[in-house]
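Notes to accompany the following structure.
Just so you know, all these numbers are worked out from the coordinates, no wet-lab data involved. Not measured: the values here are computed from a predicted model. Cβ sites come from the backbone with ideal geometry, for glycine too, and all protein chains shown count toward neighbours.
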Amino acid sequence: MDEFKIKINDKEHQVKLKKISDGEYQVFYDEFIYEVSILKKAQIRKNDDDHYRKENGIIYVESVIGGIVLKLEKKVNEQVTKGDPIVTLIAMKMETIVYAPDSGVLLEMMVHEGMVVEKGELLFTIGLK
């Protein structure tokens, strides 16, 4: 049996967990026993800002997925505001919009419509105001 400290709404709780079978557990808490089923393991999501970096007043924005550039929403030298859609990617019939992480001027667009990009590939740069 494993013992854990969990936090719910800023309050810590001590629980014990006993595995019964795959995805089936007993949780011992406050003199009660709860039977739980794990339907889907939680995925640790990276921060939204993991797809760009700031260096010397320039933001370098990378692709969050591998896919095809469906649409360019802005043009080079155009002013952009934080949250503006810049590039729309498509993969497996799902569209993903890459937004401007900060306000500034769109300096470079490294991709064009119809281009295939890999996850992590540089899409565009923004010069900060």
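Tabulated data for the structure shown
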item: Number of Lys pairs (Cα under 23 Å; 8 or more positions apart or on different chains) in segment 49-128; result: 13
item: Pairwise label distance in nanometres, Lys16 with Asp84, each label 7 Å out on the Cα-Cβ vector; result: 6.0
item: Residues Glu55, Glu62 arranged by fewest to most Cβ contacts within 10 Å; result: Glu55, Glu62
item: Convex hull projection area averaged over all views, the chain, Cα basis, nm²; result: 11.7
item: Additional length obtainable on full extension of the chain from Arg53 to Lys5, 0.36 nm per residue less Cα span; result: 13.8 nm
item: Cα-centred dipole magnitude for segment 49-128, charges only on beta-carbon of K, R (+1) and D, E (-1), debye, nearest 20; result: 120
